[in-house]
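The numbers here are math on the coordinates, done by the rules we state, and not lab data. Model, not experiment: these values are computed from the prediction. Every residue, glycine as well, gets a Cβ built from its backbone with ideal geometry; the counts of neighbours run over all protein chains shown.
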Amino acid sequence: MKYELDSLIFRCAEHRDLPVIVKLLSDDELGKNRESSSEIPEPCYEKAFQKIRADSNNSLMVVELYDHIIGTCHLTLLPSLTHRGSTRLHIEAVRIAEADREKGIGKWMFEQIFEFAKKHEASIIELTTDKQRTRARKFYEQLGFEATHEGMKKKFNRCFDTFPR
């Protein structure tokens, strides 16, 4: 497939995009161990998709090329009192299809994300990346991101009815 960056489209995901998005999320070593690889997304993805669509501070985005979804990211606006009442844009679940990597599409997607941030008056853009994703970290650093904080996570039981011990 020929890559003409001016043919790319950055848009909000639609329900019909959900199977492709889930496939993109499972399209690497880390994702294949934590995401479903089924052609039909599990109900948990449907529930999450509906929650994202219902929240005006969340945008599940896709990159489309000639009617094919080749990238995705989840953008969340976080109004805050810190940094003089700033709004943060948090970027999560960034993926470009394996066959489409190293062609400038990720950089193009981030240019669209930066425009999204400006439009929504976000003064801080943040993201997390797994420490095992060394190529991703290098890419983010080339875009001007700095590792200024140490992130921490606590996972709960998938059913959300009990705390792990």
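Ordering of 110-116, 50-56 by packing is 110-116, 50-56, highest average first (other Cβ atoms within 10 Å, averaged per residue).
Express the relative contact order of the stretch 9-142 as a whole percentage, based on alpha carbon pairs under 8 Å and six or more residues apart in sequence. Could you put the intermediate results ahead of the total?
Details: 176 pairs, mean separation 27.0, N = 134.
With pairs under 8 Å counted, the relative contact order is 20 percent.
Under the definition of Cα pairs under 8 Å and six or more residues apart, what whole-number percent is the relative contact order of the stretch 67-165?
Working: 86 pairs, mean separation 21.7, N = 99.
Relative CO of the stretch 67-165 lands at 22 percent.
Could you line up CYS12, CYS73 from fewest to most neighbouring Cβ atoms inside 10 Å? Working shown, then result.
Details: CYS12 12, CYS73 26.
Ascending number of Cβ neighbours within 10 Å: CYS12, CYS73.
Please arrange LYS153, LYS47 by how many other C-beta atoms lie within 10 Å of their C-beta, fewest to most.
Working: LYS153 5, LYS47 10.
Ascending Cβ contact count within 10 Å gives the list LYS153, LYS47.
Global size of the stretch 1-144: 15.2, 47 Å for Rg and Dmax (C-alpha atoms, Rg to one decimal, Dmax whole).
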